[in-house]
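The values are calculated or read from the model by the stated rules, or taken from the named source; none is laboratory data. Quick caveat: nothing in here was measured; it's all calculated off a predicted structure. For neighbour counting, all protein chains shown are included, and Cβ atoms are generated from backbone atoms with ideal geometry for every residue, glycine included. These accessible areas exclude ligands, DNA and RNA; they are computed on the full protein's heavy atoms, side chains included. Shrake-Rupley method; radii C 1.70, N 1.55, O 1.52, S 1.80 Å.
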Amino acid sequence: MAFHWRITNSRLALFMFVNFLPSYLQLSLAIQSCSGKQNNFKNVSEIQYSSNIYPVSGTIMVLYRMVHNFLDMVQPNPFPSDLVKELSQNAETLQSNYEKVLKYEIGFIVCAAIGILFFLFMPWVGVCFCCCRCCGNCGGKMYQEQKKSMNCRRRTLAAILLMVTTVILIGNICMFVSNENISESLQHSDNLLKDTLGNLKSYINSIPKQITTITNASAIPVASVSANLDNIGSSLGKTVLKKLGETIYPVLNSASQLAQVVTEMNERLVLTNSTAAKLLHQQEVLQQNVTIIQQNINRTLNMCGLQCVSIQGILKDLDLVANFGTTPNMDKEINAMRQIVDTNFYSIVQKGYKDFNNTPALLVNQSFSTVSEIKKSLKNIEHEVQKGVQAFPLLTTLKSINASLDSVDLEISKYRPKIQEGNKYRWIVGIVLSGIIFLVVLCNYLGLLLGTACLKPNVNPIERSLLSNCGGNLLMAGVGFSFIFSWLLMLLVLIMFIAGGNVYSLVCKPWYDNEIFQVIESSGLMANFNLAHILGLKDTHLSINNTYNDCHNNKSAWKALKLGQSFSLDEYLNLSKYTGDISSRFDQLNVNLSGITLLDQKGKTTLKDFLTTGIEDLNFTSISEQLQLPLFQQELHITVGKLQNTSKSLMDPIKTELNKEAASLNDLDSWIQMNMVPNIEVLKENIEHLQKNASHVEMIINTILLRIDSAQDMIHTKASDLVKIESKIFLDCQLEYFSYYMNWTKTMITENMAQCRPLADVLDSVAIIGCSYLLDSLNAFWFCVGWSTIFLIPSIIFAVKLAKFYRRMTISDVYENFDCQMEMQPVY
């Protein structure tokens, strides 16, 4: 037995070392997943801006496209970047570069020359025409030669004049529309400018709010870590308990199961002993009854004689085979087991459970001072984050920019009434100019209407009707108005064309093509404009074109303004800068779990006493063998059958006696089934259980003692290291809150904060207001004025020629029946 004990201990020790070492290494190297983290960080709030401004749309765009196409034909050259750069650097170089200027402005110069010629010659032509008419020339002589083609010529001239006048009317209508559109655009532009400035202010004001939102979010990881520290028993303590429990709980579970086995073995041992005593008594009763039946059968067989020779051996069939008297007395073992059970080994094991499960509370108590110091350090983190924000770029210049916007808004408000009043006068002038053209159109249309409707072709020219003559006079009135006002209209067109056309070509067209800032920068116009200096960004170079494109793609201000060149975000978001003190505090954490006792000395003594109870020495094999034997040499029902079969061929009284003995055996068999068989089954079950457990009880107890000693040794020697490892993992988990906050902050600042699409929208709005609403309206107006004015020339020509066909002549020229005879009669 001693040799067997030593062999078992050696094997178990090797088994425990081989299997426990990898488990512990896995335990110590495992990385705890920081589950249960809540992503409470929200994106920075988006600012609600006024709706974006869109270019003018609708039918008016047809007119605007015509103006654009005309100006593109007049000025097809690209933006003169080199020329503008030279002139911006030194204006005196204009004399040496005049050829380049003329080459670039050749389209405007040609158009301006035409306008100047129109302006200079039109009044002279009008004066000369008037003098010529007064002298009776240029159609002034009131005589009209009658020819065969006269009617055809009149109709042709009327049709041409009608078409020309219609073209002038279309241009005149566009003048009225453009004039009204200028006022509407100016009013609408005022509202759009207010919205644009409001959007810009909202954007600027949103930056400090978004930064405040980001910095205030530092309270989330601080609160989370503080809550975890307050709940360190549930987090770190339970983790340590779980890791240690992977080794200790199986040991305690085995001990708990052994306690149940010991209790059950004691109960079965008592039951086995009592059942064996019952069976022994029942065996004695059975033997007595069987002996009586054997005597009766033997007497009957002697009376039967030769007729019962076939069943002479039946008496041997009733001999008892099983002997329950061989069952050993177990009182000694029962007494020893009772003493073990009385020690309540199960409660001792439960005490070990309780002691081990108290690990989180033990850890909380021993880490109280460290946790208190860490929580003090947490309070300083928010202060450090707030302090770091003060150095963030833009914050110092936003107030001055906002103040500048307020002053701009104030200046606009001052000039707004003057602009409105000036626009009122401009509108009146536009109506007057449009009315002048309309007067010419009206004269032409009325002249055509009266002349065409009231003229009788076969009537002598000196006898034409008053209405027809009035129509001719109206045509000449239109000619007179055209000569009087056309040169003034052309002067206005010339001035507006030179100014508006060049603004369109040099400013609006590049802006429409998204090249404005590129050409301005390449031309050097903004060489002295330092956007970074205005925004207070040191050591930063900003390209206006690149910044505009970045903002148009809605990038953050961090990327668009290259704030990383003037502010080190990585230094500001350095995790160790804020959490170094927490890490050092955690390094000082020292928890000692050596006070945990898994199984006290009383429990170990109880297990060792179990080995001396002698249960394993009981000869359960011989008992089991007896239980497997039958009670009789032959089954009783077979013996009963033999007696009954033999009695059938015999006569009374032997037949009756044999049947009587068979009935006695049946009753005896029933008694056995009711009394002895259940006890035998109970005894079999308990003996089998005891035999099975008793054979392994020694190994089980030795294994449990060895595993408990190993687990207890691990608590004494390795638990502190495990606590440090898990503390480090717990610390890393807490630092992940701050790491996540830092990453979130970096993402918010570099990707989401102050997305500068509103800045690009502001510039686009200014371009739309200046070009699409104001300049296009003004250009459309002078284009329509010029359109109508140019067509006054053919209107004059054809109106003069057509008027003679409608007016009443003073000299007659008769042409009748298509003969060549003519008679001229002066009219006095």
Legend entry - Selection count, segment 655-688, where residues are among the aliphatic types (A, V, I, L, M) and over 18 Å from residue 278 (Cα atoms): 4
Inset, instruction - Report the residue count in segment 498-519 for those that are open to solvent by less than 30 Å² (accessible area, probe 1.4 Å) and of a type in the set (Phe, Trp, Tyr). - result: 2
Inset, instruction - Among the candidates 639, 656, single out the residue that is of a type in the set (Val, Ile, Thr), over 60 Å from the mean Cα position of the chain (by Cα) and buried (at least 17 other Cβ atoms within 10 Å of the Cβ). - result: 639
Legend entry - Single residue of segment 236-248 satisfying the filter (in contact (Cβ under 8 Å) with a residue 24 or more places away in the chain and open to solvent by 30 Å² or more (accessible area, probe 1.4 Å)) that is farthest from the chain's Cα centre (by Cα): 246
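For residues that are closer than 21 Å to residue 783 by Cα and crowded, with 16+ Cβ neighbours inside 10 Å, tally how many sit in segment 181-212.
Pass one, segment 181-212, residues closer than 21 Å to residue 783 by Cα: 181-186.
Imposing the further condition that a residue be crowded, with 16+ Cβ neighbours inside 10 Å reduces the set to 181-183, 185-186.
Residues meeting the conditions: 5.
Scan segment 215-256 residue by residue and report those that are of a type in the set (Lys, Arg) and farther than 15 Å from residue 367 by Cα.
242, 243
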Inset, instruction - Could you run through segment 730-765 and say how many residues are farther than 22 Å from residue 570 by Cα and either modelled with pLDDT of 80 or more or acidic (Asp, Glu) (or both)? - result: 10
Inset, instruction - May I ask you to say which residue of 550, 570, 587 is more than 19 Å from residue 217 (Cα to Cα) and either open to solvent by 40 Å² or more (accessible area, probe 1.4 Å) or of a type in the set (Val, Ile, Thr) (or both)? - result: 587
Legend entry - Subset of segment 550-564 (residues that are under 18 Å from residue 207 (Cβ atoms) and assigned to a helix (DSSP H, G or I)): 550, 551, 557, 558, 559, 560, 563, 564
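Results for (1) touching a Phe, Trp or Tyr at 6+ places or on another chain (Cβ under 7 Å); (2) free of Cβ contacts under 8 Å to residues at least 12 places away in the same chain; (3) on the phi > 0 side of the Ramachandran plot; (4) open to solvent by 10 Å² or more (accessible area, probe 1.4 Å), shown as yes or no for each residue.
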{"residue": "681", "(1), (2), (3), (4)": "no, yes, no, yes"}
{"residue": "712", "(1), (2), (3), (4)": "no, no, no, yes"}
{"residue": "726", "(1), (2), (3), (4)": "no, no, no, no"}
{"residue": "737", "(1), (2), (3), (4)": "no, no, no, yes"}
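One line per residue, one yes/no per condition, for (1) modelled with pLDDT of 75 or more; (2) open to solvent by 70 Å² or more (accessible area, probe 1.4 Å); (3) acidic (Asp, Glu):
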site: 530; (1), (2), (3): no, yes, no
site: 555; (1), (2), (3): yes, yes, no
site: 558; (1), (2), (3): yes, no, no
site: 561; (1), (2), (3): yes, no, no
Inset, instruction - Go through segment 252-281 and give me each residue that's farther than 30 Å from residue 347 by Cα and open to solvent by 30 Å² or more (accessible area, probe 1.4 Å). - result: 277, 278, 280, 281
Legend entry - Those residues of segment 339-371 which are among the polar types (S, T, N, Q) and free of Cβ contacts under 8 Å to residues at least 40 places away in the same chain, in sequence order: 344, 347, 365, 369
Inset, instruction - Kindly provide the set of residues from segment 165-180 that are within 10 Å of residue 441 (Cα to Cα), surrounded by fewer than 21 Cβ atoms within 10 Å (Cβ to Cβ) and touching a helix residue (DSSP H, G or I) at 6+ places or on another chain (Cβ under 6 Å), ordered by number. - result: 169
Legend entry - Residue in segment 336-350 that is modelled with the highest pLDDT, counting only those that are within 17 Å of residue 705 (Cβ to Cβ) and open to solvent by 20 Å² or more (accessible area, probe 1.4 Å): 346
Legend entry - Cβ-Cβ under 6 Å pairs, at least 6 apart or on other chains, segment 372-384 side basic (Lys, Arg), far side outside any helix (DSSP H, G or I) and open to solvent by less than 70 Å² (accessible area, probe 1.4 Å): none
Inset, instruction - Assess whether residue 397 counts as being of a type in the set (Ser, Thr, Tyr), part of a helix (DSSP H, G or I) and under 34 Å from the mean Cα position of the chain (by Cα). - result: yes
Legend entry - Verdict on residue 667 being over 30 Å from residue 253 (Cα atoms) and not in a helix (DSSP H, G or I): no
Inset, instruction - Specify the residue that is modelled with the highest pLDDT; the eligible residues are those in segment 51-64 that are crowded, with 16+ Cβ neighbours inside 10 Å and assigned to a loop (DSSP other than H, G, I, E, B). - result: 56
